[in-house]
Amino acid sequence: MDKKKIVREGYNKAAQAYLDKRHKDLEEMNFLPEFSSYIQKGGKVLDAGCGGGLPFTKYLSERFDVIGIDISEKQIELAKKNVPKAQFIRKDMTNLDFPNAFFDGILAYYSIIHVPREEQFDLFANFYRMLKANGVAFFSLHSTDDPESVFDDFFDTKMFWSGFDKETNIKMLKDIGFKILWSKLVNDSLGDYQHLFVLIRKS
Ligand SMILES: C[S@@+](CC[C@H](N)C(=O)[O-])C[C@H]1O[C@@H](n2cnc3c(N)ncnc32)[C@H](O)[C@@H]1O
């Protein structure tokens, strides 16, 4: 099974329908002012798995110099249209090679949950490397053990998810060197799952 292909092709098909659901009043927006408060105006921010850019990348782009990354070309096409101020690159977030200490902040909303979990430790470690000292990151992650799930009915297409339970996620982040500012379970606005949200800092 080519997990990345499922995700890429799935979001190529589902991008517009997903965006239509996302572009509403979302509770998750309420966390962005706090994340942003740690970053100076104009700072460099990565939005990893930015989707179609609304509403999160747009919010960030009004304050910061934002680079959005997504594995799906359709998502990148929508994001470029929706958020002309930001820069967008179609890329797998597990292959990022920005310089050390390049970003002041990294956001990953509902995207790491699609990365095969055996790649997630290295992904977090690479994010840590690319953050400046005291840089902040805000991720939504799995809260329960899920080696891999594949469903055929995600916006009428196939989709892949994977992740660890909350204790394992927190331990991985601490082992890498992140300081946990807070963590909390948040209801998915599109389904009945609780995600682990973490606001973390490079110490
Ligand atoms: C659920 S959507 C979330 C989009 C946006 N962050 C939001 O919260 O509205 C997940 C996004 O992550 C992207 N994604 C999944 N795996 C990825 C990977 N390995 N590298 C880059 N983007 C990825 C998908 O293409 C999709 O656009």
ask   = Filtering region 150-185 down to residues that are surrounded by fewer than 16 Cβ atoms within 10 Å (Cβ to Cβ) and among the hydrophobic types (A, V, I, L, M, F, W, C), which residue is nearest to Arg129 (Cα to Cα)?
value = Ile180
ask   = Which members of region 14-66 meet the condition of being assigned to a helix (DSSP H, G or I) and of a type in the set (Val, Ile, Thr)?
value = Thr57
task = With the condition kept exactly as written, say whether any residue in region 46-68 is closer than 21 Å to Phe197 by Cβ, of a type in the set (D, E, K, R), in contact (Cβ under 8 Å) with a residue 24 or more places away in the chain and more than 8 Å from the ligand (Cβ to nearest atom).
result = yes
request  = Give the residues of region 96-141 that are aliphatic (A, V, I, L, M) and surrounded by fewer than 17 Cβ atoms within 10 Å (Cβ to Cβ), sorted by residue number.
outcome  = Ala101, Ala125, Ala133
ask   = Is it fair to say Asp165 is within 26 Å of Leu19 (Cα to Cα), acidic (Asp, Glu) and modelled with pLDDT of 95 or more?
value = no
request  = Restrict the check to region 90-98 and report whether at least one residue is assigned to a strand (DSSP E or B) and touching a strand residue (DSSP E or B) at 6+ places or on another chain (Cβ under 8 Å).
outcome  = yes
query = Out of (1) assigned to a helix (DSSP H, G or I); (2) crowded, with 16+ Cβ neighbours inside 10 Å, the odd one out for Lys81 is which?
reply = (2)
Single residue of region 189-203 satisfying the filter (without any contact (Cβ under 8 Å) to a residue 60 or more places away in the chain and under 16 Å from the mean Cα position of the chain (by Cα)) that is farthest from Leu141 (Cα to Cα) = Gln194
note = Note on Ile71: of the conditions (1) surrounded by fewer than 17 Cβ atoms within 10 Å (Cβ to Cβ); (2) within 24 Å of Asn126 (Cβ to Cβ); (3) not polar (S, T, N, Q), unmet is (1)
note = Per the filter on region 91-105, residues within 12 Å of the ligand (Cβ to nearest atom) and under 14 Å from the mean Cα position of the chain (by Cα) are Lys91, Asp92, Met93, Thr94, Leu96
message = Checking the structure you have, find out if any residue of region 122-133 is more than 23 Å from Lys13 (Cα to Cα), in contact (Cβ under 8 Å) with a residue 24 or more places away in the chain and small (Gly, Ala, Ser).
response = yes
message = Cβ-Cβ distance below 9 Å, separation of 6 or more or different chains: which pairs start in region 84-95 with a residue that is closer than 22 Å to Arg63 by Cα and end on one that is part of a loop (DSSP other than H, G, I, E, B) and within 7 Å of the ligand (Cβ to nearest atom)?
response = Ala86/Cys50; Phe88/Cys50
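The values are calculated or read from the model by the stated rules, or taken from the named source; none is laboratory data. All values reported here derive from a predicted model rather than from experimental measurement. Don't worry about glycine lacking a Cβ; one is built from the backbone with ideal geometry, like all the others, and counts go over all protein chains shown.
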